[in-house]
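In what follows, a structure is listed as C-alpha cells, so that the remarks can point back to it.
The values are calculated or read from the model by the stated rules, or taken from the named source; none is laboratory data. Here the structure is a predicted model, which is why all the values come from computation and not from measurement. Neighbour counts run over all protein chains shown; Cβ positions are idealised from the backbone, glycine included. With ligands, DNA and RNA removed, areas are computed over all heavy atoms of the protein, side chains included. Shrake-Rupley method; radii C 1.70, N 1.55, O 1.52, S 1.80 Å.
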There are 2 protein chains.
Amino acid sequence: MAEENTVYIGKKPIMNYVLAVVTQSNSGSEEVIIKARGRSIGRAVDVAEVVRHRFLPDCKVKDIEISTEKITGEDGRTANVSSIEIFLTR
Amino acid sequence: MAEENTVYIGKKPIMNYVLAVVTQSNSGSEEVIIKARGRSIGRAVDVAEVVRHRFLPDCKVKDIEISTEKITGEDGRTANVSSIEIFLTR
C-alpha cells in the first residue's frame, strides 16, 4: 500500500488529521488509511468518525485492523505497543 | 446480542479486563465483545491484543466496529463520544 494514502495520528488537534484525511480523499485516493499507536488510538477513531459523519458522508469504514508493535527505547529495552489501522473508502 | 458476552472497558488495570474476557471465553462463549468509549478505546485494543497473543492464541478478531454515541451530561448538554466494539471469536 502506498504510504501517501496513510495519515499517522499524533498529538496535534484532531481537526488537523481530519483535514489531512479529507484532503487525501478529495485528491483522488480511493482508500485512506488512518494509523495510530498507543495513546493515539482513541484519537484515530475520533478522526474516522468526524470524517465520515461531518465531511464525507459517502465514506465507509472498509476494515479495521489491530496489531502489536515492538518499540525499542533509547535504553535498548523493548515494549509492546498496540496499534490500529482504519481503512476508509468512498 | 446477549449482554453477558460483553466486557466493558473502564479505568481499571488492563489485566482485570483481560481476565474477564478469558473467563468469559473459557466458560463457553463463542464470541466475546469488548466495548469501550472515549479515552478507554486504546485500552480496549490493548486488552484484545493481550488476550489473543498471551492467553488465547486460537482467538481471532472477527470484526471491529466504531461508532459515535451522544452522551448527555448533568447540565443537559450533549457531547459526541467515539466508541469501539471488538468481536473476538475462537
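Structure data summary
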| quantity | calculated |
| --- | --- |
| The protein assembly as shown: mean projected area of Cα convex hull, nm² | 12.3 nm² |
| Alpha carbon convex hull of segment A:3-89, volume per residue in cubic angstrom | 91 Å³ |
| At least 50 Å² accessible surface lost relative to isolated chain, residues of segment B:29-57 (1.4 Å probe) | B:Val45, B:Glu49 |
| Per residue accessible area of segment B:3-89, 1.4 Å probe, in Å² | 57 Å² |
| Relative contact order (%) - criterion: Cα under 8 Å, at least six apart; region: chain B | 32 percent |
| Accessible-area composition of the protein assembly as shown, carbon plus sulfur, in percent [1.4 Å probe] | 49 percent |
| Trypsin sites (Lys or Arg not before Pro) restricted to segment B:49-78 and DSSP loop, no more than 16 other C-beta within 10 Å | B:Arg77 |
| Between helix A:14-26 and chain A: long-axis angle, C-alpha atoms, 0 to 90°, nearest 10 | 50 degrees |
| Between 0 and 90°, nearest 10: helix B:41-50 axis offset from chain B longest Cα axis | 0 degrees |
| Exposed GluC sites (Glu not before Pro) absent - longest run of chain A, DSSP non-H/G/I/E/B, at most 13 other C-beta within 10 Å | A:31-73 |
| For the pair A and B, total buried accessible area rounded to nearest 100 Å², probe 1.4 Å | 1200 Å² |
